[in-house]
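None of the figures in this text is laboratory data; all of them are computed from the coordinates on show. Bear in mind the structure is a predicted one, so any value in this text is a computation, not a measurement. With ideal geometry, Cβ positions are generated from the backbone for all residues, glycine too; neighbour counts draw on all protein chains shown.
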Amino acid sequence: MILNQANGFPLPKTSSLPILLKESSIFSKFDLKSRFWQLGIKPSERHKTDFCIPNAQYQWTVLPFSLKVAPSLFQRAMTRIFEPLLDNAIIYIDDILLFSKDMESHKKLLNKFLERANLHGIMFLEKKIQLSQQEIDFLGIKFSQGTYQPQPHIAKELLNFPEEKLTVRKIQQFLGIINYIRDFIPKVVRYTNPLSKMLKKDSPPWGPEQTQAVQEIKKIAQNPPASKIPGNGKRIIQTDASDHY
């Protein structure tokens, strides 16, 4: 592998996962063993990974975890290896999800996937393999019977935050969690806007409006409605041009 050839290779966005699944109902999940260490480095490139200890100097022969470009390089390599299957597979670094509409087609998909994995020497963590499931968790989202919703532990993190006088740092962390599950909270900006105001340079002091926003978000986020995995039919676009939100 050449270490500078894939800097910036994109990772899939979690928000696009439901669209990619296309009404699938059977899932399998794989987690790669030792992650980046499965990729070897060309001898001519190994000098870029030099590191020293007392009285000795070493070079990595496999992709180390500490390289800034490691996630992009690994994503690119896995995408190339499994490219023929990407219509029914999602690869996020070392996590791989396979999906099909029925069991028969899923068996064929699994056979093709494992053939390519064996061909390229890809190793998986056996204890994390899940095969032919009707319900599965992937990247913080639970997929089940044609629907999807965030895993409960994500929203439960919000309960660890105080309800009054959050620091700027705490507000950023709180909104960061909300941003991950915002697609599951109707009119989410109505609740986050009072907190977003607090991040501005000339922000107002913390008041009842902010406290109420935190309380309401915590409550609503704990039981978000499940969304249907989109099909291939017509789409309905809902927009909001409110001056206030």
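Centre-to-centre separation between the Cα atoms of the stretch 121-172 and those of the stretch 56-74: 28 Å. Take the Cβ atoms of Val69 and Gln134, set R0 to 45 Å, and the FRET efficiency comes out at 0.75. Helix 168-181 and the long axis of the chain differ in direction by around 70°, with both axes built from C-alpha atoms. Length gained on full extension, Gln238 to Val189: 16.2 nm, using 0.36 nm per residue less the C-alpha separation. When only the Cβ of Lys, Arg, Asp and Glu is charged (+1, +1, -1, -1), the dipole of the stretch 14-145 relative to its Cα centre reaches about 300 debye. Once the Cα atoms are used to define both axes, helix 103-119 deviates from the longest principal axis of the chain by about 50 degrees.
Axis of helix 70-81 versus longest Cα principal axis of the chain: the two differ by about 70°, to the nearest ten degrees. Using +1 on the beta carbon of Lys and Arg, -1 on that of Asp and Glu, and nothing else charged, what's the dipole of the chain about the Cα centre, debye to 20? I would put it at about 220 debye. Taking label positions 7 Å along the Cα-Cβ direction at both Lys22 and Lys142, the computed distance is 2.7 nm, reported to one decimal. The mean sequence distance of close C-alpha pairs (under 8 Å, at least 6 residues apart), as a share of the length of the stretch 151-227, puts its relative contact order at 41 percent. Within the straight-line cut-off of under 16 Å between alpha carbons, the aspartates and glutamates reachable from Lys33 are Asp94, Asp95, Glu126, sequence neighbours fewer than 8 places apart in one chain being disregarded.
Legend: distances between Cα atoms for Lys22/Lys112; Lys107/Lys219; Lys68/Lys108; Lys68/Lys197; Lys48/Lys127; Lys108/Lys228; pairs beyond 30 Å are Lys107/Lys219; Lys68/Lys108; Lys68/Lys197; Lys48/Lys127. Classified by the C-alpha gyration tensor, the chain has an oblate form. Its axis ratio a/c, with a ≥ b ≥ c, is 1.5 or above, and a/b does not exceed b/c.
Each of the peptides 186-195, 43-52 was scored by the mean count of other Cβ atoms within 10 Å over its residues; in descending order, highest first, they stand as 186-195, 43-52.
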